[in-house]
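The values are calculated or read from the model by the stated rules, or taken from the named source; none is laboratory data. Bear in mind the structure is a predicted one, so any value in this text is a computation, not a measurement. Note: ideal-geometry Cβ built from the backbone for every residue, glycine included; neighbour counts use all protein chains shown.
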Amino acid sequence: MSCPANPLDCTTGLVCTAVGSVASSAWDQVCQAFADAAAQLLGAFGKAFVAIPPVNLGSGGVRNVYAISLGLAAVVAALLLLGQVIRTAVDGSGLAQGLTGVAASP
(Lines give C-alpha, C1' and ligand atoms only; values in the text may rest on other atoms or scores of the structure.)
Protein backbone atom coordinates (compact mmCIF):
# COMPACT_ATOMS: atom_id res chain seq x y z
CA MET A 1 0.00 0.00 0.00
CA SER A 2 1.13 3.49 -0.70
CA CYS A 3 1.23 6.42 1.66
CA PRO A 4 -1.63 8.49 0.14
CA ALA A 5 -3.95 5.48 0.14
CA ASN A 6 -3.30 4.59 3.79
CA PRO A 7 -2.25 7.48 6.07
CA LEU A 8 -1.29 5.00 8.80
CA ASP A 9 1.57 3.79 6.60
CA CYS A 10 2.90 7.36 6.42
CA THR A 11 2.85 7.90 10.18
CA THR A 12 4.36 4.48 10.89
CA GLY A 13 7.22 5.17 8.50
CA LEU A 14 7.84 8.62 9.98
CA VAL A 15 7.72 7.31 13.56
CA CYS A 16 10.09 4.46 12.76
CA THR A 17 12.49 6.83 11.04
CA ALA A 18 12.36 9.30 13.96
CA VAL A 19 12.85 6.57 16.59
CA GLY A 20 15.67 5.04 14.56
CA SER A 21 17.47 8.36 14.21
CA VAL A 22 17.08 9.11 17.95
CA ALA A 23 18.38 5.66 18.88
CA SER A 24 21.24 6.00 16.43
CA SER A 25 22.08 9.43 17.78
CA ALA A 26 22.00 8.12 21.37
CA TRP A 27 24.22 5.18 20.44
CA ASP A 28 26.66 7.51 18.68
CA GLN A 29 26.82 9.64 21.84
CA VAL A 30 27.50 6.57 23.99
CA CYS A 31 30.24 5.43 21.62
CA GLN A 32 31.76 8.91 21.57
CA ALA A 33 31.71 9.04 25.39
CA PHE A 34 33.51 5.68 25.58
CA ALA A 35 36.05 6.83 22.99
CA ASP A 36 36.73 10.04 24.93
CA ALA A 37 37.09 8.12 28.19
CA ALA A 38 39.46 5.60 26.58
CA ALA A 39 41.58 8.39 25.10
CA GLN A 40 41.78 10.12 28.47
CA LEU A 41 42.67 6.85 30.24
CA LEU A 42 45.38 5.99 27.71
CA GLY A 43 46.78 9.50 27.95
CA ALA A 44 46.98 9.29 31.75
CA PHE A 45 48.54 5.82 31.54
CA GLY A 46 51.11 7.05 29.03
CA LYS A 47 52.11 9.97 31.28
CA ALA A 48 52.37 7.66 34.31
CA PHE A 49 54.38 5.09 32.34
CA VAL A 50 56.87 7.71 31.15
CA ALA A 51 57.24 8.98 34.74
CA ILE A 52 58.43 5.57 36.02
CA PRO A 53 62.08 5.88 37.02
CA PRO A 54 64.62 3.55 35.40
CA VAL A 55 65.32 0.23 37.08
CA ASN A 56 68.69 0.00 38.79
CA LEU A 57 69.79 -3.63 39.16
CA GLY A 58 72.41 -2.62 41.70
CA SER A 59 69.91 -1.21 44.18
CA GLY A 60 69.36 -2.82 47.56
CA GLY A 61 65.81 -3.90 46.84
CA VAL A 62 66.78 -5.86 43.74
CA ARG A 63 69.74 -7.48 45.50
CA ASN A 64 67.42 -8.63 48.31
CA VAL A 65 65.13 -10.26 45.74
CA TYR A 66 68.09 -12.06 44.17
CA ALA A 67 69.21 -13.29 47.58
CA ILE A 68 65.71 -14.55 48.44
CA SER A 69 65.42 -16.30 45.07
CA LEU A 70 68.82 -17.96 45.53
CA GLY A 71 67.84 -19.11 49.03
CA LEU A 72 64.55 -20.56 47.79
CA ALA A 73 66.30 -22.34 44.93
CA ALA A 74 68.80 -23.86 47.37
CA VAL A 75 65.99 -25.09 49.62
CA VAL A 76 64.10 -26.63 46.69
CA ALA A 77 67.29 -28.31 45.41
CA ALA A 78 68.04 -29.67 48.89
CA LEU A 79 64.49 -31.05 49.20
CA LEU A 80 64.71 -32.70 45.80
CA LEU A 81 68.08 -34.23 46.68
CA LEU A 82 66.64 -35.42 49.98
CA GLY A 83 63.85 -37.13 48.04
CA GLN A 84 66.46 -38.87 45.92
CA VAL A 85 68.31 -39.99 49.04
CA ILE A 86 65.09 -41.44 50.42
CA ARG A 87 64.63 -43.33 47.14
CA THR A 88 68.08 -44.81 47.71
CA ALA A 89 66.68 -46.92 50.52
CA VAL A 90 64.64 -48.80 47.89
CA ASP A 91 67.24 -48.90 45.15
CA GLY A 92 70.69 -47.30 44.88
CA SER A 93 70.11 -45.39 41.65
CA GLY A 94 68.21 -42.54 43.35
CA LEU A 95 71.28 -40.94 44.87
CA ALA A 96 73.23 -41.25 41.64
CA GLN A 97 70.43 -39.55 39.72
CA GLY A 98 70.26 -36.83 42.33
CA LEU A 99 73.95 -36.08 42.09
CA THR A 100 74.39 -36.36 38.32
CA GLY A 101 71.02 -34.95 37.26
CA VAL A 102 68.22 -36.20 35.10
CA ALA A 103 70.27 -36.18 31.88
CA ALA A 104 72.38 -39.12 33.03
CA SER A 105 69.38 -41.26 34.02
CA PRO A 106 68.69 -44.34 31.87
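Points worth noting:
- Close pairs from segment 55-77: first without any contact (Cβ under 8 Å) to a residue 40 or more places away in the chain, partner surrounded by 10 or more Cβ atoms within 10 Å (Cβ to Cβ), Cβ under 8 Å, at least 6 apart: VAL55/VAL62; ASN56/VAL62
- Some residue of segment 34-41 being touching a helix residue (DSSP H, G or I) at 6+ places or on another chain (Cβ under 9 Å) and either at pLDDT below 70 or small (Gly, Ala, Ser) (or both): no
- Restricting segment 27-83 to residues that are of a type in the set (D, E, K, R) and surrounded by 10 or more Cβ atoms within 10 Å (Cβ to Cβ) leaves a set whose member that is farthest from ALA96 (Cα to Cα) is ASP28.
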